[in-house]
Amino acid sequence: MPITVLGRSAAADLMIRAAREHPRGGRPLYLTSANGEVLARVAAEPELASLVLGADQIVADGQPLVLASRLFCREALPERVATTDLFHDVAERAVPAGISFYLFGATEEENARALANVRRLYPDLVIAGSCHGFLKGEALEAKLAEIDALKPDILWLAMGVPHEQRFVRDHGGKLPNIGVIKTSGGLFNFLSGTNRRAPQWMQRASLEWLYRIWLEPRRLFWRYLVTNPKALYLMVTRSA
């Protein structure tokens, strides 16, 4: 999997530039992220591999990828580019640049709380709109037309893997007036305040996954138990 060699600041600058300069009329630029779970699943699921590898950019949203790159790759990744951090980096730059956001995904309650907190943190940020991620059929098609008419520069798409990647494949072409789509996983759950980040020392030690298991053991224990060893094996044997 080709991981873009960029730090957070450079990744945020690139998103702002892309949102401003990407020609409208075709599919928006499709930016996504990879962590250990994504590595393991991409290696085992051909459909997901095709969806992820079809992205215009993949950044490392996982400290283990950064550490593995320092040990096994010709060019090391400068740092982790976590979407939960990148959002704030981009928002700070978007205010003076006049770049607009749309928040699409999560439940209706989580989306509304995330939107309220973003507006509180960045009162001058242009937010074209927001919507939960559980629309289907005609309701979804109508919402896509509405979003495209609003012409947000960046669409933050928070549906989780592989739903957000499938969304880009199935509906990206219906949003020609958007500059960038950034897949965002559980971003809105952090923006809403429902989920908390791990302490900095755990993030630096590649242990944020352990903190998340502590917070959500029923949902995440077996997922990480299966994917973490696979991801470790892949990083050791297939890094270049």
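The values are calculated or read from the model by the stated rules, or taken from the named source; none is laboratory data. What you see is a predicted model; the values in this text were computed from it and never measured. We place every Cβ from the backbone using ideal geometry, glycine too, and count neighbours over all the protein chains shown. When the accessible area is computed, the model is the full protein with side chains, heavy atoms only, and any ligands, DNA or RNA have been set aside. Shrake-Rupley method; radii C 1.70, N 1.55, O 1.52, S 1.80 Å.
Below are the figures for this structure:
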{"quantity": "Selection count where residues are in a strand (DSSP E or B), open to solvent by less than 40 Å² (accessible area, probe 1.4 Å) and among the β-branched types (Val, Ile, Thr), scope the stretch 85-131", "calculated": "1"}
{"quantity": "Boolean, Gly36 is modelled with pLDDT under 95 and either among the small types (Gly, Ala, Ser) or touching a Phe, Trp or Tyr at 6+ places or on another chain (Cβ under 6 Å) (or both)", "calculated": "yes"}
{"quantity": "Test for Arg218: is it under 21 Å from the mean Cα position of the chain (by Cα), modelled with pLDDT under 85 and of a type in the set (Lys, Arg)", "calculated": "no"}
{"quantity": "Selected residue (only one of Pro162, Pro152 is touching a residue at least 40 places away in the same chain (Cβ under 8 Å) and either touching a helix residue (DSSP H, G or I) at 6+ places or on another chain (Cβ under 6 Å) or among the hydroxyl-bearing types (Ser, Thr, Tyr) (or both))", "calculated": "Pro162"}
{"quantity": "Residue match in the stretch 52-69 (condition: in contact (Cβ under 8 Å) with a residue 24 or more places away in the chain and among the hydroxyl-bearing types (Ser, Thr, Tyr))", "calculated": "yes"}
{"quantity": "Count of residues meeting criterion [over 20 Å from Leu155 (Cα atoms), within 15 Å of the chain's Cα centre (by Cα) and of a type in the set (Asp, Glu)] in the stretch 31-73", "calculated": "1"}
